[in-house]
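The values are calculated or read from the model by the stated rules, or taken from the named source; none is laboratory data. Fair warning: this is a prediction, and the values are worked out from it, not measured in the lab. Every residue, glycine among them, receives a Cβ derived from its backbone with ideal geometry; neighbour counts consider all protein chains shown.
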Amino acid sequence: MKRLLQILTALLFLMTTTIVIGQNLRFSDPETVISDHFWGDLYANGGNSFFCDTPFTSKGFLLTDGYIYPLADVRSALECGTSRECEQDNRYRQIASDMHNMVPVRSRTKMHRRNVRYEELGSSVAEDECGIRESAQFFEPPARVKGDVARTMAYMVDTYQLPWLGAASVFKSWNRLDPPDDGERTRHRRVAEIQGNENLYVTNPDRMEML
């Protein structure tokens, strides 16, 4: 009986650990997270904008907090209503506070990405100055961050049971073609330290093939 209790206790611990590692359980106030932790901690000393790779020393007028999985699509998936209505939904607030999904972007780029789907558009569509391709409701990120986008998308889909914003096969291809580099791993470790959980698709990219 004592041995059985020890096994059950160990299993319960492992289950609890998996949940803590798997999702954001620490934050549920998006405004505070953005001001105090995203800009105040993660990018306190500046950095580079996500899609355009433009260096910055502080948040300026042309730079804003963006989301790889846009919040408009989160609201649609949760069916929680308008922005104001969703702000009263605890699950939405938790997802909107997840720093693994937050990146610094140009304000103009954030506007262009509303209600778009990620896709491999190919050379028939011209790149802009940042290496972005856009056509109708489709958006192809620069090659250097395709893997970053894919691994964040997998994290959001798996962690919060959200729908893919594009074909899963496209994201899996991007994950293989653009594995985690030192910059992505460094940012991931810092977010994990602040928020208390990891994106397992960054620490183990092969995990995406199981989705």
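I need the full set of residues from the range 67-108 which are assigned to a strand (DSSP E or B), over 23 Å from Leu25 (Cβ atoms) and either in contact with a Lys or Arg (Cβ under 6 Å, 6 or more places away or on another chain) or hydrophobic (A, V, I, L, M, F, W, C) (or both), in order please. Working first, answer last.
Just the residues of the range 67-108 that are assigned to a strand (DSSP E or B), to begin with: 67, 102-106.
Restricting the remaining residues to those that are over 23 Å from Leu25 (Cβ atoms) gives 104-106.
Scanning the range 67-108 gives a single hit, Val105.
How about the range 58-82: which of its residues are among the hydroxyl-bearing types (Ser, Thr, Tyr), surrounded by fewer than 15 Cβ atoms within 10 Å (Cβ to Cβ) and under 19 Å from Val33 (Cα atoms)?
Of the range 58-82, the ones among the hydroxyl-bearing types (Ser, Thr, Tyr) are 58, 64, 67, 69, 76, 82.
Next, only the ones that are surrounded by fewer than 15 Cβ atoms within 10 Å (Cβ to Cβ) stay: 58, 76, 82.
Result: Ser58, single match.
Return yes or no: is Asn90 of a type in the set (S, T, N, Q) and surrounded by fewer than 18 Cβ atoms within 10 Å (Cβ to Cβ)? Walk me through how you get there before you give the answer.
Details: of a type in the set (S, T, N, Q): yes; surrounded by fewer than 18 Cβ atoms within 10 Å (Cβ to Cβ): yes.
Yes, satisfied.
Run down Tyr43, Tyr67 and say which single residue is within 15 Å of the chain's Cα centre (by Cα) and among the hydroxyl-bearing types (Ser, Thr, Tyr).
Exactly one residue qualifies, and that residue is Tyr67.
Would you confirm whether or not the range 113-127 contains a residue that is modelled with pLDDT of 95 or more, among the aliphatic types (A, V, I, L, M), within 19 Å of Gly22 (Cβ to Cβ) and crowded, with 17+ Cβ neighbours inside 10 Å?
The answer is no, given that none of the residues of the range 113-127 is modelled with pLDDT of 95 or more, among the aliphatic types (A, V, I, L, M), within 19 Å of Gly22 (Cβ to Cβ) and crowded, with 17+ Cβ neighbours inside 10 Å.
Does any residue in the range 197-208 that is closer than 16 Å to Tyr160 by Cβ come within less than 9 Å, Cβ to Cβ, of a residue that is among the basic types (Lys, Arg) and in a loop (DSSP other than H, G, I, E, B) six or more places away or on a different chain, and which pairs are these?
Short answer, once both residue conditions are applied: Asn197/Arg26.
How many of the residues in the range 94-109 are surrounded by fewer than 18 Cβ atoms within 10 Å (Cβ to Cβ) and of a type outside the set (Gly, Ala, Ser)? Spell out how you get there, then give the answer.
Within the range 94-109, the first condition is being surrounded by fewer than 18 Cβ atoms within 10 Å (Cβ to Cβ), and the residues that meet it are 107-108.
Applying the additional criterion that residues be of a type outside the set (Gly, Ala, Ser) yields 108.
Selection size over the range 94-109: 1.
Any chance the range 48-61 includes a residue that's within 15 Å of the chain's Cα centre (by Cα), of a type outside the set (Ser, Thr, Tyr) and either at pLDDT 95 or above or in a loop (DSSP other than H, G, I, E, B) (or both)? Reasoning before the result, please.
Here is the first cut: in the range 48-61, the ones within 15 Å of the chain's Cα centre (by Cα) are 49-51.
If we keep only those that are of a type outside the set (Ser, Thr, Tyr) as well, we get 50-51.
Filter once more, so that each one left must be either at pLDDT 95 or above or in a loop (DSSP other than H, G, I, E, B) (or both): 50-51.
Among the residues of the range 48-61, at least one is within 15 Å of the chain's Cα centre (by Cα), of a type outside the set (Ser, Thr, Tyr) and either at pLDDT 95 or above or in a loop (DSSP other than H, G, I, E, B) (or both), which makes the answer yes.
Please go through the range 180-193 and pick out each residue that is in contact (Cβ under 8 Å) with a residue 60 or more places away in the chain and buried (at least 18 other Cβ atoms within 10 Å of the Cβ).
Arg187, His188, Val191
Going through the range 124-179 one residue at a time, which ones are touching a residue at least 40 places away in the same chain (Cβ under 8 Å), over 23 Å from Tyr92 (Cβ atoms) and basic (Lys, Arg)?
Arg144
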